[in-house]
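Novice: What follows is a structure written as structure tokens; I'll ask about it next.
The values are calculated or read from the model by the stated rules, or taken from the named source; none is laboratory data. What you are looking at is a predicted structure, and each value in this text was computed from that prediction instead of being measured. Neighbour counts are summed over all protein chains in view; Cβ atoms, including those assigned to glycine, are modelled from backbone coordinates with ideal geometry. Areas reflect the complete protein model, heavy atoms only, side chains present, ligands, DNA and RNA absent. Shrake-Rupley method; radii C 1.70, N 1.55, O 1.52, S 1.80 Å.
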Amino acid sequence: MLNNDKSTNTTTNGDARNVRPHHSFFSDWIGVAPFFIFTLFFIVLPSVGLVSRAFQDNAGNFTLQNFANLFTREILSSYWISIRISFTTAVAGGLLGFLMAYAITVGKLPAGGRSVILTFSGVASNFAGVPLAFAFVATMGRTGMITVLLKNVFHINIYNMGFNLYSFLGLSLTYTFFQFPLMILVITPALDGLKTDWREAAENLGASQGTYLRKVMLPILTPSILGGMILLFGNSFGAYATAYSLTGGFLNLITIMVGAQIKGDVLYNPGLGYALAVGMVIVMLIMMIFYYLLRQRSERWLRK
Amino acid sequence: MKRGSFWSWLWVAIGGLYFFLPLLSTFDFSLRAKKGILTFVAYENIFKDPQFWSTIRFSLVIALFTVFFSILLVVPTVYWIRLRLPQLRMLVEFISMLSYVIPAIVLVFGLIRVFSGSPFYLTNSYFGTYVLLVAAYVVLTLPFSFRAIDTGMSAIDVRSLTEAAQSLGAGWGTILFRVIFPNLKVAILSSVFLTLATVIGEYTMASFIIGLKSFGPYMSLVGQNKTYESSSITIISFLMTWALMMVIQLFNRTKANNGTHSGGR
Amino acid sequence: MAFIELSNLSKVYGTTTVVENVNLSAEKGEFISFLGPSGCGKTTTLRMVAGFELPNTGNIVLDGTDITNLSPRDRNIGMVFQSYALFPNMTIGQNIGFGLQTRKLSKTEIKEKVAEMLALVHLESHIDKYPYQLSGGQQQRIALARALAINPAVLLLDEPLSALDAKIRVELRLEIRRIQQTMGITTIYVTHDQEEAMLLSDRVMVMSQGHVEQIGSPSMIYNHPATEFVAQFVGQLNLLPVSAVDLDAATCTVAEQTVHFETAAGREPGESPRLAIRPEELHIGLPATDEEVNVLRGEIASVLFLGAIVRLRVRVNDVFITADIFNERDLTFPRTGDEIVLNFSKHACWLI
């Protein structure tokens with residue numbers, strides 16, 4: 001009897017060992033090691049490098065002076081113009097993108113329209129940088145098609161009226177080209193997530209179309225819309241190629257300043273250059289925290 | 001109903017104009033290289049330029065390496081955190097999304113400063129700069145390759161697939177390459193083509209790390225020196241982006257049609 | 001004059017007729033279920049009553065007024081959805097008050113009514129929570145409270161329990177019945193679950209492929225199914241192949257044994273008749289001598305233990321018959337291969 005028990009025990013143990021692979025600390029981590037090593041080298045190291053250098057003076061001692069030096073008129077104005085452009089294009093592109101996404105989801109457009117517009121949005125949101133700048137020069141530059149068309153047909157010379165492609169307005173118009181398609185891609189799933197049951201329940205309870213929009217649909221979508229706009233903000237805040245090819249440094253965006261600092265120490269103060277870049281990350285971090293909070297809210301609402 | 005439809009059409013029309021007018025203007029401009037007549041000479045000039053072909057070949061090779069390494073990096077990682085280390089999920093997702101937070105210009109700044117000296121000197125050799133550029137692009141495309149693969153893997157039950165394969169005697173290599181990868185085909189391919197579309201004409205990182213060898217900086221050079229060719233190369237670049245996006249669309253459609261029997265071959 | 005009356009309702013999408021010629025009249029306070037498999041048109045019929053679909057023909061009269069083409073928001077009909085459809089951006093209180101707000105009631109009136117409704121569904125303490133903080137069953141109770149808050153003339157429920165766990169489902173259906181009876185509200189309930197329909201309803205309307213198969217009380221539907229569809233859809237049914245049918249003598253041959261069946265007006269067998277009998281009508285053993293009772297001898301093919309009942313598959317000369325017997329604590333289980341004798345009353349079976 002005793003013997004029997006013992007042998008059964010040993011067999012069960014042996015079986016368990018065979019069936020269940022032994023998980024050691026090492027074997028668990030080996031699968032993700034490449035990812036962490038890679039990101040350590042190419043994300044963490046460069047970031048830590050910039051941040052640590054931003055807190056050092058020329059002799060390598062710890063200092064906060066670099067950040068204090070950011071508060072000069074020139075540097076603040078370049079942050080400010082970047083923020084203004086990002087804000088403007090996020091709101092304008094966000095609205096246009098939302099309205100178009102609304103049209104292809106809730107609005108009654110023919111079925112084919114949706115996939116066509118989503119494809120074009122994919123193209124346009126990826127079509128940024130050098131060629132986009134060229135395209136807008138050909139469109140709204142001094143001899144651009146729209147400029148000439150307005151002058152010849154409608155006798156409106158926009159350049160005499162103070163328009164300039166290399167200005168705040170010009171750059172905003174150019175950025176919007178990739179902003180609104182991105183908004184379409186970001187917001188369409190949220191619009192798809194609106195249940196028809198909500199509309200019918202509202203109607204059933206006596207709500208008009210307007211009441212439904214105001215009290216149900218827009219409040220539900222607001223976190224997603226704001227979240228989308230924050231993504232657009234970041235998208236334009238970090239844009240360098242488009243701005244550089246379009247203005248060649250004419251407009252003092254923060255990305256252009258950082259770019260110049262990489263090429264050569266134009267600020268005559270390496271530490272200040274690093275602080276400049278770290279400042280951009282701080283702005284982005286603040287934005288991403290908002291984004292995260294908004295996303296949490298909308299996901300919580302829409303959870304089943 | 002009628003009113004809703006009118007507004008829908010209006011917004012779509014505005015968006016459509018915003019999208020097509022610049023392209024139309026650029027195309028129109030690209031045909032005016034000779035006074036008075038429409039000509040494709042600006043395109044011929046681009047296609048005759050050996051630098052066009054060498055830069056595009058270079059960027060394509062870099063893009064292919066980027067694709068290769070990002071898949072090799074992301075698929076096993078996502079697989080592993082789904083299978084063994086779900087507690088790391090938040091951390092890996094956070095790291096993957098970091099390149100949204102760190103703008104490309106800032107990242108390239110950091111990369112150049114870190115890798116222009118010991119102990120990790122990369123910018124002193126051609127090979128080193130290629131490695132640096134590919135790594136930079138892997139980071140740049142990490143947010144959406146992570147998303148795509150993660151979504152793809154949530155659609156298949158990796159744990160059961162793995163356990164089923166294990167119970168049939170498969171080793172890790174077989175599991176990964178004959179079970180997991182084939183079932184992720186669509187997710188991987190969409191991320192591949194999105195990566196290609198992002199990387200091939202990329203300017204910011206390429207211009208600082210590699211310069212004129214790659215296609216983005218080459219386009220910029222064309223724009224500085226040649227008036228009409230800047231338009232023709234814009235159209236060419238647009239068509240490339242468009243073609244890559246169409247391919248993605250195609251994959252997604254095939255997936256929708258026979259989503260029930262994925263894998264196979 | 002009935003309180004709500006559907007006459008000749010039809011709905012066509014393209015070339016498919018989803019609802020065909022539905023007629024129904026319900027009295028005030030009645031609880032009516034639309035029962036049928038998915039795609040039978042029960043939900044479409046309900047949605048026509050709610051106003052979300054317009055019928056192609058026919059009309060709907062509610063309390064003497066034709067509401068066929070009235071907008072849903074003017075019908076004063078409450079509706080509960082399968083997905084609850086609570087507004088996620090509003091608290092429980094705001095959800096329940098929504099219909100009152102659109103009716104421009106004063107703040108104090110709304111507050112009172114919301115409190116009253118919450119008390120009705122026993123969720124008073126949840127007034128300031130959001131829907132996502134509630135369980136599915138609680139959410140559906142809130143949805144019920146929201147629909148009732150507007151004092152609707154009719155309450156419509158579209159498969160309200162099918163998204164819930166079995167246990168909650170059983171609990172909540174009693175709750176629905178209780179509330180319905182307290183308020184005396186005319187109710188239409190759509191379900192594919194026959195148990196739910198039987199338990200809740202005063203009358204059940206069984207639908208199939210867009211048309212009405214039978215309307216009647218639950219016991220009527222079960223004991224006197226009007227069509228083969230109803231007989232098969234509601235409850236379990238044996239359909240046994242027969243030969244040598246003699247309608248005058250009301251006898252036929254089942255598995256080489258003579259069986260007496262009941263004939264009734266309106267129950268003429270079809271082209272290839274079969275004998276219909278419910279499993280619970282079959283008993284084990286020989287009956288006390290009675291010529292009204294049929295006897296079949298066979299052998300047990302399988303035994304399924306279902307808790308309260310034990311389901312036997314009996315083979316009688318290559319015909320399989322299902323018989324349900326009640327479980328008892330000291331029941332000796334028949335075993336596969338045992339010889340068995342089944343008896344059943346001639347009143348329990350009929351030809352289809």
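Novice: Using Cα springs under 10 Å in a Gaussian network model of chain A, which residue among A:Ala207, A:Ala243, A:Ala260 shows the largest mean-square fluctuation?
Specialist: A:Ala207
Novice: Pairs of alpha-carbon atoms within less than 8 angstrom and 6+ residues apart define the contacts here; what relative contact order does chain C have, in percent?
Specialist: Value for chain C: 16 percent.
Novice: Out of all DSSP beta bridges in the range C:4-233, what portion is antiparallel? Express it as a percent rounded to 5.
Specialist: 50
Novice: Which of A:Asn157, A:Asn126, A:Asn204 moves most in a GNM of chain A, Cα contacts under 10 Å?
Specialist: It is A:Asn204.
Novice: Taking the Cβ of C:Val314 as the center, what net charge do the other residues with Cβ under 12 Å away carry, scoring Lys and Arg +1 and Asp and Glu -1?
Specialist: That works out to -1.
Novice: Of the beta bridges DSSP finds with both residues in the protein assembly as shown, what % are antiparallel, to the nearest 5?
Specialist: Around 75 percent antiparallel, to the nearest 5.
Novice: May I ask you to list the GluC sites (Glu not before Pro) in the range C:1-91 that are in a DSSP loop and have at most 15 other Cβ atoms within 10 Å of their Cβ?
Specialist: Answer by residue number: C:Glu27.
Novice: Strictly over 32 Å apart at the Cα level, which of C:Lys104/C:Lys167; A:Lys151/B:Lys213; A:Lys108/C:Lys113; A:Lys195/C:Lys167 would you flag in this model?
Specialist: Distance filter (> 32 Å) returns C:Lys104/C:Lys167; A:Lys151/B:Lys213; A:Lys108/C:Lys113.
Novice: What is the calculated FRET efficiency for B:Arg178 to A:Ile37, with r their C-beta to C-beta distance and R₀ = 35 Å, to the nearest 0.05?
Specialist: 0.85
Novice: Could you work out the local net charge near C:Asp324, counting Lys and Arg as +1, Asp and Glu as -1, over the other residues with Cβ closer than 15 Å to its Cβ?
Specialist: 0
Novice: If you take each beta carbon of peptide B:138-146 and count the beta carbons of other chains within 10 angstrom, what is the mean?
Specialist: 2
Novice: A further question follows. What do you get for the angle between helix C:107-120 and the principal long axis of chain C? Use alpha-carbon atoms, 0 to 90 degrees, nearest ten.
Specialist: The two axes meet at around 20 degrees.
Novice: Measure nothing fancy, just the Cα-based angle from helix B:2-30's long axis to the longest principal axis of chain B, in degrees from 0 to 90, nearest 10.
Specialist: So the inclination is approximately 60 degrees.
Novice: Is the range B:1-122 rounded, prolate or oblate when judged by the Cα gyration tensor, a ≥ b ≥ c being the square roots of its eigenvalues, rounded requiring a/c under 1.5 and prolate requiring a/b larger than b/c?
Specialist: Here the range B:1-122 falls in the oblate category.
Novice: Using the alpha-carbon atoms, what tilt in degrees (0 to 90, nearest 10) does helix A:130-140 show relative to the longest principal axis of chain A?
Specialist: Roughly 30 degrees, rounded to the nearest 10.
Novice: State the dimensionless ratio Rg/Rh of the range B:81-156 (Rg: radius of gyration of Cα atoms; Rh: Kirkwood radius).
Specialist: Rg divided by Rh gives 1.08.
Novice: How many nm is it between the label spots at C:Gln257 and B:Lys34, if each spot is 7 Å from the Cα in line with the beta carbon?
Specialist: So the label points at C:Gln257 and B:Lys34 sit 10.2 nm apart.
Novice: Obtain the nm distance between the two label points defined at C:Ser272 and C:Lys107 by a simple spin-label model: each point lies 7 Å from its Cα along the Cα-to-C-beta direction.
Specialist: Simple spin-label model gives 7.3 nm for this pair.
Novice: How would C:Glu262, A:Glu299, A:Glu203 line up by accessible area, probe 1.4 Å, largest first?
Specialist: In descending accessible area the options line up as A:Glu299, C:Glu262, A:Glu203.
Novice: 222 nm [θ] for the protein assembly as shown, helices only, -39500 (n - 2.57) per DSSP H run of 4+, per residue, to 500?
Specialist: -18000 deg cm²/dmol
Novice: Other chains' Cβ within 10 Å of A:136-149 residues: what's the mean?
Specialist: Per residue, the average neighbour count from other chains is 5.
Novice: Just add up the charged neighbours of C:Thr187: K/R +1, D/E -1, any other residue whose Cβ is under 10 Å from the Cβ of C:Thr187.
Specialist: The answer is -1.
Novice: Which whole number gives the average, over all residues in C:71-79, of C-beta atoms from other chains lying within 10 Å of the residue C-beta?
Specialist: So the per-residue partner count for this stretch is 4.
Novice: OK, next. With the contact rule set at Cα under 8 Å and sequence spacing of 6 or more, what percent relative contact order holds for chain B?
Specialist: The normalised contact order for chain B reaches 28 percent.
Novice: Using a 1.4 Å probe and counting only protein heavy atoms, arrange A:Trp80, B:Trp53 so the residue with the most accessible area comes first.
Specialist: A:Trp80, B:Trp53
Novice: Residues of the protein assembly as shown: accessible area per residue at 1.4 Å, in Å²?
Specialist: Dividing the accessible area of the protein assembly as shown by its residue count gives 47 Å².
Novice: Give the cross-link partners of B:Lys185 among the aspartates and glutamates, using a straight C-alpha distance below 16 Å as the criterion and excluding same-chain residues fewer than 8 apart.
Specialist: B:Asp150, B:Asp157
Novice: Right, something else. What is chain B by shape, rounded, prolate or oblate, if you read a ≥ b ≥ c off the alpha carbon gyration tensor as root eigenvalues and call it rounded for a/c under 1.5, prolate for a/b larger than b/c, and oblate otherwise?
Specialist: Here chain B falls in the oblate category.
Novice: Contour minus end-to-end for B:Ala170 and B:Asn252, with contour as 0.36 nm per residue of separation and end-to-end as the Cα-Cα distance?
Specialist: That pair, B:Ala170 and B:Asn252, stretches by 26.5 nm at full extension.
Novice: Continuing with the same structure: From the square roots a ≥ b ≥ c of the eigenvalues of the alpha-carbon gyration tensor of chain A, which class results: rounded (a/c under 1.5), prolate (a/b over b/c), or oblate?
Specialist: Oblate, since a/c reaches 1.5 and b/c is not below a/b.
Novice: So how strong a dipole does the protein assembly as shown carry about its Cα centre when Lys and Arg Cβ are +1 and Asp and Glu Cβ are -1, to the nearest 20 debye?
Specialist: 4680
Novice: Moving on. Placing +1 at every Lys and Arg Cβ and -1 at every Asp and Glu Cβ, with all other atoms neutral, what dipole size does chain A have around its Cα centre, in debye to the nearest 20?
Specialist: Value, rounded to 20: 520 debye.
Novice: May I pose another question? Go ahead and set up a Gaussian network model of chain C, Cα springs under 10 Å, then flag whichever of C:Leu331, C:Leu155, C:Leu282 fluctuates most.
Specialist: Maximum among the listed residues: C:Leu331.
Novice: Mind ranking A:276-286, C:109-119 by how tightly packed they are, going by the mean number of other C-beta atoms within 10 angstrom, highest first?
Specialist: Highest mean packing first, the order is A:276-286, C:109-119.
Novice: Between the alpha-carbon centers of the range A:95-117 and the range A:174-237, tell me the distance in whole angstrom.
Specialist: What the calculation gives is 12 Å, centre to centre.
Novice: Find the percent of Cα-Cα distances in the protein assembly as shown that exceed 35 Å, and round it to a whole number.
Specialist: Pairs farther apart than 35 Å: 66 percent.
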